[in-house]
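The values are calculated or read from the model by the stated rules, or taken from the named source; none is laboratory data. Worth saying up front: this structure is predicted, and the values here are computed from it rather than measured. Positions of Cβ are generated from backbone atoms using ideal geometry, with glycine treated the same way; all protein chains shown enter the neighbour counts. Accessible surface is based on the protein model in full, side chains and every heavy atom, while ligands, DNA and RNA are left aside. Shrake-Rupley method; radii C 1.70, N 1.55, O 1.52, S 1.80 Å.
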Amino acid sequence: QKEVEQNSGPLSVPEGAIASLNCTYSDRGSQSFFWYRQYSGKSPELIMFIYSNGDKEDGRFTAQLNKASQYVSLLIRDSQPSDSATYLCAVNMGGYGGATNKLIFGTGTLLAVQP
Amino acid sequence: NAGVTQTPKFQVLKTGQSMTLQCAQDMNHNSMYWYRQDPGMGLRLIYYSASEGTTDKGEVPNGYNVSRLNKREFSLRLESAAPSQTSVYFCASSRTGGPVEQYFGPGTRLTVT
């Protein structure tokens, strides 16, 4: 059983709309959560991380965490065609401040923003 | 500051051949990681090294060995390549402690025929 689940998509949204990407995880002890963006043929790059319940905003991106429901999401406001990529959710199951930052990745959601 | 570098970028092997994938980082990070990425499977951790001199298995270690040569370098060796090891391999590094970012190298695309 995959420990981090994402809908593989593709999620198609029109330019300017809000894209909502979702992720669930199985380990209740998980402490920190990451969203990576990966363009086709490229390596993953971090968009943002979150470790407290609630919302965290960074520009057009908002991460939302609900530990009780074991659910983390990423909202992208004013979506642009350049946002078209695969978005990977990753969970640190080693705990906050652990000796390693071992991450478990979901399979990713492909986002397509239509001009 | 090159970040995380990997060599080679592409490689084709025949079944049974061996090779070593090289990874180096110049960010003075303690922790380094090797992942493989297959279609529909996401990134899966092969091995990681929390600090110089230590290595540990990840989710899919079978068929691989690693060496943490020094703080900068972490290599991945395939002793006897199999078609199932056809994949894109990413090396990553991070500092330790707290919810920190893993920085990824550009990847090595490996095909085993």
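Here are some conditions: (1) under 30 Å from B:Asn30 (Cα atoms); (2) outside any loop (DSSP other than H, G, I, E, B). A:Ser43 meets all but one. Which one does it not meet? Looking at each condition in turn, A:Ser43 falls short on (2). Those strands (runs of 3 or more DSSP E) of chain B in which at least 1 residues are open to solvent by 50 Å² or more (accessible area, probe 1.4 Å), considering only elements entirely within it, cover B:4-7, B:10-13, B:19-25, B:64-68, B:74-78, B:108-112. Is there a residue in the stretch A:10-33 that is charged (D, E, K, R) and touching an Asp or Glu at 6+ places or on another chain (Cβ under 8 Å)? The answer is yes, given that some residue of the stretch A:10-33 is charged (D, E, K, R) and touching an Asp or Glu at 6+ places or on another chain (Cβ under 8 Å). The set of residues from the stretch A:1-25 being open to solvent by less than 60 Å² (accessible area, probe 1.4 Å) and either aromatic (Phe, Trp, Tyr) or part of a loop (DSSP other than H, G, I, E, B) (or both) comprises A:Lys2, A:Gln6, A:Gly9, A:Gly16, A:Ala17, A:Tyr25. For the stretch A:53-76, the set of residues classified as touching a residue at least 24 places away in the same chain (Cβ under 8 Å), under 14 Å from the mean Cα position of the chain (by Cα) and more than 12 Å from chain B (Cβ to nearest Cβ) consists of A:Phe61, A:Gln70, A:Tyr71, A:Val72, A:Ser73, A:Leu74, A:Leu75, A:Ile76, listed by residue number.
For the stretch A:26-41, check the following and say yes or no: at least one residue is free of Cβ contacts under 8 Å to residues at least 40 places away in the same chain and either touching a Cys at 6+ places or on another chain (Cβ under 7 Å) or not aliphatic (A, V, I, L, M) (or both). Yes, the stretch A:26-41 contains a residue that is free of Cβ contacts under 8 Å to residues at least 40 places away in the same chain and either touching a Cys at 6+ places or on another chain (Cβ under 7 Å) or not aliphatic (A, V, I, L, M) (or both). Within the stretch B:18-42, the set of residues being without any contact (Cβ under 8 Å) to a residue 40 or more places away in the chain and among the charged types (D, E, K, R) is empty.
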